[in-house]
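The block underneath contains the structure these notes are about, expressed in structure tokens.
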Amino acid sequence: MKLRIGIDDTDSKKGMCTTYLGAVLRDRLRSFAKVLELRLVRLNPNIPWKTRGNGAVALTVETGDYDRAVSETLEVVEDLAALDVEGTNPGVVIAKGDVPSELTSFYYNALHGVVTIEDAAALAEKHGCELHMFKEGRGIIGGLAAIGADLTDHTYEVIAYRTPEYWGRPRHVDPSSVYEMDRATRPATYNNVDPETGRILVTPRSPCPVLYGIRGTDREVLIRAMKMIRAGEPVERWALYKTNQGTDAHLKPCAIEEIEPYSSVIIRGVVSEAPRVIEGGHVIFSIAEGGCSVDCAAYEPTGGFREVVKRLCPGDVVRAYGGVTKENKTVNLEKLEVLDVKELFKLKNPVCPKCGKTMKSAGKGQGFRCRGCGTKAEAKEPVQIERDLKPGLYCVPERAMRHLSRPVVRI
Ligand code: ATP
């Protein structure tokens, strides 16, 4: 019998990681079941309840022992989930057989919008899924969505985990081994290093059990990449997850007037207010279309991307990609496509057609006169200003990229 086990909301800012729990569960299930797939599904990156990257996991298992699969799952959650931390509300969903299309629709709702625990519970019940809610049980949302996720477009992440005695201690991963791995495996792996700062991106900064995670498009290359990493501590276990990371699945085209809070949008518009730098180094500008306008922000962590944004001028046509977190609907830019750079002109004193010198004013209301040959002209001339911005797609640097954002190598 084919089972799908979806789990979410087991970690806290102080530790644990739902993917680690998934890897431990895989190893427990392996003794009596065949584990067919591990999936790591990122959901709406703008919701306020997330710990970090709003990730849920699902395991697809072939087994004849349903009850044991359930009891092993619950044991692992009870043992490992950060149940004593406020705000950690684990949920487990177990579904039998094929995935009903309504679960896939639920995944899209959880990816693009905000859904409720009641929505998840009602849908799970309708399709005969078994639910286990710990504390408030919010994790059933992610668990159900991970089971339903459409991974037609997908990437992979191989994650190496630390042994418990190292959790919370500084990570010792040899940076030169990461640079070497990056050079040897790109573009089948990506976002290993931030080119702007040289920062290693495979190691997280949180006290979670992850030692490093490498993202990529090819399972074999990822395993080879993992073997290239030199770490100053043991790897307890590793897992290769199939994931919606790096696919832009969260972004949805919409009109400016349709933007909803907590959504991730692709909007087209004309720059209506020039970029301005606000406190903290964030750059804000507005775009408008059809009588509606919205602020777009390139926040300080987006580094050099802000320099592109600063070059925008009113009248430029852009497509903005990003998440909306607050009621005021500012779009937090992930990418910017410059579609049309407006030609700009400034008025300058005319140049004498005979001797090539710049003419001077001939007095108030008298036009212009060449001091060399006396040639006259009536008015200033428009001269095109050279724009330092080219049409094209601009992305935030790797270190500021969201898990779901399609990396440059996949565009
Ligand atoms: P990590 O990435 O480290 O695993 P996290 O960022 O995934 O942590 P969680 O602890 O899983 O954070 O918390 C996210 C919570 O929000 C989960 O309970 C999940 O079920 C729920 N959730 C996910 N998507 C939505 C959504 N669209 N609407 C409402 N709740 C959601």
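Things to note:
- Within segment 46-68, considering residues that are surrounded by 22 or more Cβ atoms within 10 Å (Cβ to Cβ) and among the hydrophobic types (A, V, I, L, M, F, W, C), the one nearest to Leu25 (Cα to Cα): Leu59
- Against the test of being over 22 Å from the mean Cα position of the chain (by Cα) and modelled with pLDDT of 95 or more, the options Tyr166, Tyr190, Tyr212, Tyr156 yield a single qualifying residue, Tyr166.
- Filtered residue count, segment 192-208, keeping only those that are over 15 Å from Ala231 (Cβ atoms), away from the ligand (no atom under 16 Å from the Cβ) and either surrounded by 15 or more Cβ atoms within 10 Å (Cβ to Cβ) or in contact (Cβ under 8 Å) with a residue 24 or more places away in the chain (or both): 6
- Test: Ala120 is part of a helix (DSSP H, G or I), modelled with pLDDT of 95 or more and within 23 Å of the chain's Cα centre (by Cα): no
- When we screen Glu37, Glu86, Glu75 for residues that are charged (D, E, K, R), more than 18 Å from Met16 (Cβ to Cβ) and surrounded by fewer than 22 Cβ atoms within 10 Å (Cβ to Cβ), the only hit is Glu37.
The values are calculated or read from the model by the stated rules, or taken from the named source; none is laboratory data. Nothing here was measured: the structure is a model prediction, and the numbers come from that model. When we count neighbours, we look across all protein chains shown, and the Cβ atoms used for this are built from the backbone with ideal geometry, even at glycine.
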